[in-house]
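Asker: Below you'll find the structure I mean.
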Amino acid sequence: MSDSKDDIAAGLEQVFWSRGFAEPSVPVLRAGVGVSMRTLYRYFPSREAMILGALEFRHQRYMRYVTDGVEEPGLSAAEQLFDKLGGWMRMTEGKECFFRQALAANPDSTDIAETVNRHKSELLTFFGNLSGQMQFASTLYLLHEGVTASYAELGEQAVEDAKRLVRQMFKSANESKYS
(Lines give C-alpha, C1' and ligand atoms only; values in the text may rest on other atoms or scores of the structure.)
Protein backbone atom coordinates (compact mmCIF):
# COMPACT_ATOMS: atom_id res chain seq x y z
CA MET A 1 0.00 0.00 0.00
CA SER A 2 1.11 3.57 -0.60
CA ASP A 3 1.57 5.87 2.39
CA SER A 4 -1.74 7.64 1.71
CA LYS A 5 -3.56 4.37 1.25
CA ASP A 6 -1.95 3.00 4.44
CA ASP A 7 -2.99 6.10 6.38
CA ILE A 8 -6.57 5.77 5.16
CA ALA A 9 -6.60 2.00 5.86
CA ALA A 10 -5.30 2.70 9.39
CA GLY A 11 -8.11 5.19 9.91
CA LEU A 12 -10.68 2.77 8.55
CA GLU A 13 -9.38 0.08 10.90
CA GLN A 14 -9.89 2.41 13.86
CA VAL A 15 -13.40 3.44 12.82
CA PHE A 16 -14.48 -0.17 12.27
CA TRP A 17 -12.82 -1.19 15.54
CA SER A 18 -14.65 1.44 17.54
CA ARG A 19 -18.00 1.38 15.70
CA GLY A 20 -18.24 -2.16 14.33
CA PHE A 21 -18.69 -3.26 10.75
CA ALA A 22 -22.47 -3.06 10.40
CA GLU A 23 -23.17 0.49 11.55
CA PRO A 24 -20.82 3.08 10.03
CA SER A 25 -21.96 4.50 6.70
CA VAL A 26 -19.47 5.65 4.09
CA PRO A 27 -19.90 9.32 5.16
CA VAL A 28 -19.17 8.29 8.76
CA LEU A 29 -16.11 6.33 7.60
CA ARG A 30 -14.94 9.32 5.54
CA ALA A 31 -15.33 11.65 8.52
CA GLY A 32 -13.49 9.19 10.78
CA VAL A 33 -10.59 8.96 8.37
CA GLY A 34 -10.48 12.71 7.77
CA VAL A 35 -10.22 12.73 3.98
CA SER A 36 -12.52 13.86 1.20
CA MET A 37 -15.03 11.46 -0.24
CA ARG A 38 -13.13 11.62 -3.52
CA THR A 39 -9.85 10.61 -1.86
CA LEU A 40 -11.51 7.81 0.09
CA TYR A 41 -13.12 6.39 -3.06
CA ARG A 42 -9.88 6.77 -5.04
CA TYR A 43 -8.18 4.24 -2.78
CA PHE A 44 -11.21 2.21 -1.69
CA PRO A 45 -13.97 2.38 -4.34
CA SER A 46 -16.68 0.65 -2.28
CA ARG A 47 -17.64 0.05 1.34
CA GLU A 48 -16.54 -3.57 0.94
CA ALA A 49 -13.16 -2.38 -0.37
CA MET A 50 -12.90 -0.20 2.74
CA ILE A 51 -13.47 -3.22 4.96
CA LEU A 52 -10.94 -5.23 2.98
CA GLY A 53 -8.40 -2.41 3.28
CA ALA A 54 -8.92 -2.24 7.04
CA LEU A 55 -8.55 -6.03 7.30
CA GLU A 56 -5.35 -6.06 5.27
CA PHE A 57 -3.91 -3.24 7.33
CA ARG A 58 -4.84 -5.05 10.56
CA HIS A 59 -3.31 -8.30 9.26
CA GLN A 60 0.01 -6.62 8.48
CA ARG A 61 0.03 -4.77 11.79
CA TYR A 62 -0.73 -7.92 13.81
CA MET A 63 1.86 -10.03 11.99
CA ARG A 64 4.53 -7.37 12.61
CA TYR A 65 3.52 -7.26 16.27
CA VAL A 66 3.68 -11.01 16.90
CA THR A 67 6.86 -11.57 14.89
CA ASP A 68 8.85 -8.65 16.30
CA GLY A 69 11.65 -9.95 18.49
CA VAL A 70 10.59 -13.58 18.24
CA GLU A 71 13.27 -15.94 19.46
CA GLU A 72 14.46 -19.07 17.69
CA PRO A 73 11.66 -21.55 16.97
CA GLY A 74 10.70 -23.74 19.90
CA LEU A 75 9.06 -23.67 23.30
CA SER A 76 10.31 -20.22 24.29
CA ALA A 77 9.05 -18.66 21.05
CA ALA A 78 5.66 -20.37 21.45
CA GLU A 79 5.35 -19.03 25.01
CA GLN A 80 6.42 -15.59 23.77
CA LEU A 81 3.55 -15.71 21.26
CA PHE A 82 1.04 -15.88 24.09
CA ASP A 83 2.78 -13.11 26.02
CA LYS A 84 2.46 -10.98 22.88
CA LEU A 85 -1.16 -12.02 22.42
CA GLY A 86 -1.86 -10.95 26.00
CA GLY A 87 -0.31 -7.57 25.21
CA TRP A 88 -2.41 -7.29 22.06
CA MET A 89 -5.56 -8.14 23.97
CA ARG A 90 -4.78 -5.48 26.56
CA MET A 91 -4.20 -2.92 23.77
CA THR A 92 -7.48 -3.87 22.10
CA GLU A 93 -9.39 -3.92 25.39
CA GLY A 94 -10.17 -7.62 25.13
CA LYS A 95 -12.41 -7.31 22.09
CA GLU A 96 -12.89 -10.42 20.04
CA CYS A 97 -11.23 -11.05 16.69
CA PHE A 98 -11.50 -8.14 14.25
CA PHE A 99 -11.58 -10.57 11.31
CA ARG A 100 -14.42 -12.67 12.73
CA GLN A 101 -16.35 -9.48 13.49
CA ALA A 102 -16.00 -8.39 9.85
CA LEU A 103 -17.17 -11.76 8.59
CA ALA A 104 -20.13 -11.88 11.00
CA ALA A 105 -21.29 -8.47 9.80
CA ASN A 106 -20.78 -9.39 6.12
CA PRO A 107 -21.59 -13.12 5.85
CA ASP A 108 -22.40 -12.97 2.13
CA SER A 109 -19.11 -11.40 1.05
CA THR A 110 -16.82 -13.96 -0.55
CA ASP A 111 -13.98 -11.41 -0.67
CA ILE A 112 -14.19 -10.78 3.07
CA ALA A 113 -14.44 -14.53 3.74
CA GLU A 114 -11.36 -15.14 1.59
CA THR A 115 -9.43 -12.38 3.36
CA VAL A 116 -10.35 -13.79 6.79
CA ASN A 117 -9.39 -17.30 5.67
CA ARG A 118 -6.06 -16.09 4.28
CA HIS A 119 -5.29 -14.30 7.55
CA LYS A 120 -6.10 -17.41 9.58
CA SER A 121 -4.13 -19.63 7.20
CA GLU A 122 -1.06 -17.40 7.50
CA LEU A 123 -1.38 -17.54 11.28
CA LEU A 124 -1.53 -21.33 11.15
CA THR A 125 1.66 -21.51 9.07
CA PHE A 126 3.36 -18.95 11.30
CA PHE A 127 2.49 -20.98 14.41
CA GLY A 128 4.03 -24.11 12.89
CA ASN A 129 7.20 -22.23 12.00
CA LEU A 130 7.28 -20.51 15.38
CA SER A 131 7.14 -23.77 17.28
CA GLY A 132 9.64 -25.45 14.99
CA GLN A 133 7.17 -28.32 14.73
CA MET A 134 4.45 -28.14 12.10
CA GLN A 135 2.39 -30.74 13.98
CA PHE A 136 1.88 -28.09 16.71
CA ALA A 137 0.45 -25.52 14.31
CA SER A 138 -3.21 -26.43 14.74
CA THR A 139 -2.94 -26.72 18.53
CA LEU A 140 -1.26 -23.32 18.79
CA TYR A 141 -3.92 -21.92 16.47
CA LEU A 142 -6.67 -23.37 18.65
CA LEU A 143 -5.09 -21.91 21.78
CA HIS A 144 -4.56 -18.53 20.09
CA GLU A 145 -8.18 -18.32 18.95
CA GLY A 146 -9.38 -19.52 22.36
CA VAL A 147 -7.43 -16.83 24.18
CA THR A 148 -8.75 -14.21 21.76
CA ALA A 149 -12.35 -15.35 22.27
CA SER A 150 -12.17 -15.70 26.05
CA TYR A 151 -9.90 -12.83 27.06
CA ALA A 152 -12.75 -10.44 27.89
CA GLU A 153 -13.97 -12.88 30.55
CA LEU A 154 -10.76 -14.58 31.68
CA GLY A 155 -8.13 -11.90 31.12
CA GLU A 156 -4.54 -12.89 31.79
CA GLN A 157 -5.66 -16.28 33.10
CA ALA A 158 -6.42 -17.26 29.49
CA VAL A 159 -2.86 -16.34 28.49
CA GLU A 160 -1.29 -18.20 31.41
CA ASP A 161 -3.43 -21.30 30.76
CA ALA A 162 -2.41 -21.28 27.10
CA LYS A 163 1.27 -21.05 28.05
CA ARG A 164 0.85 -23.93 30.52
CA LEU A 165 -0.72 -26.07 27.80
CA VAL A 166 2.08 -25.14 25.38
CA ARG A 167 4.68 -26.31 27.91
CA GLN A 168 2.78 -29.57 28.38
CA MET A 169 2.59 -30.07 24.61
CA PHE A 170 6.35 -29.63 24.20
CA LYS A 171 7.08 -31.82 27.23
CA SER A 172 4.87 -34.63 25.89
CA ALA A 173 6.50 -34.40 22.48
CA ASN A 174 9.97 -34.61 24.04
CA GLU A 175 8.98 -37.54 26.26
CA SER A 176 7.52 -39.49 23.35
CA LYS A 177 10.61 -38.77 21.27
CA TYR A 178 12.78 -40.47 23.87
CA SER A 179 10.41 -43.35 24.67
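Asker: When the range 7-44 is examined, which residues are found to be under 10 Å from residue 57 (Cβ atoms), over 17 Å from the mean Cα position of the chain (by Cα) and surrounded by fewer than 18 Cβ atoms within 10 Å (Cβ to Cβ)?
Answerer: Answer for the range 7-44, where residues must be under 10 Å from residue 57 (Cβ atoms), over 17 Å from the mean Cα position of the chain (by Cα) and surrounded by fewer than 18 Cβ atoms within 10 Å (Cβ to Cβ): just 7.
Asker: A follow-up question, please. Among the listed residues 147, 70, identify the single one that is of a type in the set (A, V, I, L, M, F, W, C) and outside any helix (DSSP H, G or I).
Answerer: None of the others qualify; the one that does is 70.
Asker: In the range 64-91, which residues are in contact (Cβ under 8 Å) with a residue 40 or more places away in the chain, within 26 Å of residue 157 (Cβ to Cβ) and open to solvent by 10 Å² or more (accessible area, probe 1.4 Å)?
Answerer: The answer is 67, 70, 74, 75, 79, 83.
Asker: Report yes if residue 94 is under 21 Å from the mean Cα position of the chain (by Cα), surrounded by 14 or more Cβ atoms within 10 Å (Cβ to Cβ) and of a type in the set (Gly, Ala, Ser), otherwise no.
Answerer: Yes, satisfied.
Asker: Also: Among the residues of the range 46-105, which ones are of a type in the set (Val, Ile, Thr) and over 20 Å from residue 145 (Cα atoms)?
Answerer: Within the range 46-105, the first condition is being of a type in the set (Val, Ile, Thr), and the residues that meet it are 51, 66-67, 70, 92.
Within the range 46-105, 51 is the sole residue that qualifies.
Asker: Could you grab the pairs with beta carbons closer than 9 Å, sequence gap of 6+ or different chains, first residue in the range 1-28 and in contact (Cβ under 8 Å) with a residue 24 or more places away in the chain and outside any helix (DSSP H, G or I), second one open to solvent by less than 80 Å² (accessible area, probe 1.4 Å) and of a type in the set (D, E, K, R)?
Answerer: Cβ pairs passing all conditions: 1/56.
Residue by residue, here is whether (1) in contact with a Pro (Cβ under 7 Å, 6 or more places away or on another chain); (2) surrounded by 19 or more Cβ atoms within 10 Å (Cβ to Cβ); (3) hydroxyl-bearing (Ser, Thr, Tyr) holds:
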site: 102; (1), (2), (3): no, yes, no
site: 116; (1), (2), (3): no, yes, no
site: 123; (1), (2), (3): no, yes, no
site: 130; (1), (2), (3): yes, yes, no
site: 134; (1), (2), (3): no, no, no
site: 137; (1), (2), (3): no, no, no
site: 144; (1), (2), (3): no, yes, no
site: 149; (1), (2), (3): no, no, no
site: 161; (1), (2), (3): no, no, no
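Asker: Kindly establish whether residue 49 is in a helix (DSSP H, G or I), open to solvent by 50 Å² or more (accessible area, probe 1.4 Å), without any contact (Cβ under 8 Å) to a residue 40 or more places away in the chain and in contact with a helix residue (DSSP H, G or I) (Cβ under 9 Å, 6 or more places away or on another chain).
Answerer: Criteria not met by residue 49.
The values are calculated or read from the model by the stated rules, or taken from the named source; none is laboratory data. Just so we're clear, the structure is a prediction, and the values are computed from it rather than from any experiment. Positions of Cβ are generated from backbone atoms using ideal geometry, with glycine treated the same way; all protein chains shown enter the neighbour counts. The area values use the complete protein model at the heavy-atom level, side chains included, leaving out ligands, DNA and RNA. Shrake-Rupley method; radii C 1.70, N 1.55, O 1.52, S 1.80 Å.
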